[in-house]
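*Asks:* This is the structure, below, for whatever I ask next.
Throughout, read-outs are computed from the coordinates displayed, never taken from laboratory work. Since the structure is predicted, the reported quantities are computational estimates derived from the model, not experimental observations. No Cβ is skipped: glycine too gets one built from the backbone with ideal geometry, and neighbour counts run over all protein chains shown.
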Amino acid sequence: MESRTRELWRIPDGYEGWIYTRWNASSCPPLATRDGFLVIEVPPSGIVCTSSALTEGVARDRFVYVSNRGTETEIPPTRAHSRVFEKGNYDLFVFIGTQEDFGRVRPSPPASYAP
């Protein structure tokens, strides 16, 4: 059973590495919704800022690569790894890549999430 809104992570085609998201930031725009999903449009920088609320809970999120033409290709669950929360704030980190790389590459949050 899901206890939060599902998220659709739209990631530039071929992107690998950490995605850094700051939630609850009043200076940033809210996320759009589509078909019951919160839509997270990840730019090539991998840095996202939103005024939408970060909610904890369980849900089956989707991760897709987006081509230059807008075509979505599902990213296998084995390549989308743990949601890591930064303690004391509203930062959420997600890793896209192999399990081996996930265990080897430590997150390095950006100094600024300004839009």
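*Asks:* Can you give the calculated 222 nm mean residue ellipticity of the chain, where each DSSP H run of n ≥ 4 adds -39,500 (n - 2.57) and the sum is split over every residue, rounded to the nearest 500 deg cm²/dmol?
*Replies:* Numbers: 1 runs with 6 residues, N = 115.
Value at 222 nm, helices only: -1000 deg cm²/dmol.
*Asks:* How large is ³J(HN,Hα), in whole Hz, for each residue of segment 37-45 in order, when computed from phi with the Karplus curve 6.51 cos²θ - 1.76 cosθ + 1.60 and θ = phi - 60°, using x for Gly and Pro?
*Replies:* 9, 7, 9, 10, 8, 8, x, x, 5
*Asks:* Over what distance in Å are the Cα centres of segment 92-110 and segment 3-71 separated?
*Replies:* Value for the Cα centre distance between the two parts: 16 Å.
*Asks:* Of 41, 2, how do they rank once you tally other Cβ atoms within 10 Å and put the fewest first?
*Replies:* Working: 41 14, 2 11.
Result, fewest neighbours first: 2, 41.
*Asks:* Would you mind checking which residues have amide H under 5 Å from residue 75's amide H? H placed 1.01 Å from N; only 5 or more apart, or other chain.
*Replies:* Distant-sequence amide H within range of residue 75: 63, 64, 65.
*Asks:* Rounded to whole Å and sorted largest first, list the principal axis extents of the Cα atoms in the chain.
*Replies:* Extents along the principal axes, in whole Å: 33, 33, 32.
*Asks:* What is the chain's relative contact order, in percent, from Cα pairs under 8 angstrom and six or more apart in sequence? Mind showing how you got there, number by number?
*Replies:* On the way: 232 pairs, mean separation 38.1, N = 115.
Relative contact order of the chain: 33 percent.
*Asks:* How large is the charge dipole for the chain, taken about the Cα centre, if only the Cβ atoms of Lys, Arg (+1) and Asp, Glu (-1) carry charge, to the nearest 20 debye?
*Replies:* So the dipole magnitude of the chain works out to roughly 120 debye.
*Asks:* Follow-up. Using each residue's phi in segment 17-24, evaluate 6.51 cos²θ - 1.76 cosθ + 1.60 at θ = phi - 60° and report the 3J(HN,Hα) Karplus result to the nearest Hz, with x for Gly and Pro.
*Replies:* With coefficients 6.51, -1.76 and 1.60, one gets x, 7, 10, 10, 10, 10, 10, 6 Hz.
*Asks:* Using a Gaussian network model of the chain whose springs link C-alpha atoms within less than 10 Å, name the residue from 35, 13, 101 with the highest mean-square fluctuation.
*Replies:* Result: 35 has the largest fluctuation of those listed.
*Asks:* Picking from 24, 93, 49, whose Cα lies most toward the positive end of the charge dipole for segment 6-104 (charges on Cβ: Lys, Arg +1; Asp, Glu -1)?
*Replies:* 24
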